[in-house]
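So the structure is just underneath, and the comments pick up after that.
The values are calculated or read from the model by the stated rules, or taken from the named source; none is laboratory data. Predicted, not measured: the structure shown is a model, and the values here were computed from it. Here the Cβ is made from the backbone with ideal geometry for all residues, glycine too, and neighbour counts use every protein chain on show.
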Amino acid sequence: MSEEIIVQFVGFQAKALVREYTFTVREQASEPREFTLTIANEAFDSHRARYQDAPDICSLKLRRELATYANHPPKTHFRVTDTELDDYSSAHTRKPLRNLYTPKARQDF
């Protein structure tokens, strides 16, 4: 993916089976192109994806596709797979906080 490319999240639409995320990709010497990416509603219902993470998940997938095809993928619509959701989740899972202070043992007097 070249340095001169701008990927911009435009918005989303909630549909019957999927949520559809729209992005515009701009390069210096060409017209803007529009890409759509979908995530199945079931992924949100089963807590495999969070609504607030969806634009980031889609942006990462789109950037991978742009990098794979030298900024010109052969299609403009992509579906985020279960594997990609799992990869995102494992890469962005917060580690449990360690208790900095151990509670004192209770003593009966």
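In the range 67-76, which residues are surrounded by 13 or more Cβ atoms within 10 Å (Cβ to Cβ) and outside any helix (DSSP H, G or I)? Within the range 67-76, N71, P73, T76 meet the criteria.
Quick one: which strands (runs of 3 or more DSSP E) lie wholly within the range 1-66 and hold at least 2 residues that are closer than 20 Å to A91 by Cβ, modelled with pLDDT of 95 or more and aliphatic (A, V, I, L, M)?
Output list reads 33-40.
Does R63 count as within 11 Å of the chain's Cα centre (by Cα) and without any contact (Cβ under 8 Å) to a residue 12 or more places away in the chain?
Values: within 11 Å of the chain's Cα centre (by Cα): yes; without any contact (Cβ under 8 Å) to a residue 12 or more places away in the chain: no.
Criteria not met by R63.
Considering only residues that are aliphatic (A, V, I, L, M) and outside any loop (DSSP other than H, G, I, E, B), look in the range 77-104 and name the one that is modelled with the lowest pLDDT.
Step one: list which residues in the range 77-104 are aliphatic (A, V, I, L, M), which gives 80, 85, 91, 97, 100.
Add one more test, that the residue is outside any loop (DSSP other than H, G, I, E, B), and what stays is 85, 91.
Numbers: L85: 96, A91: 89.
This residue is A91.
In the range 1-22, the residues that are more than 14 Å from N71 (Cβ to Cβ) and among the basic types (K, R) form no Cβ pair under 8 Å with any partner that is at pLDDT below 95 and not in a strand (DSSP E or B), whether six or more places apart or across chains.
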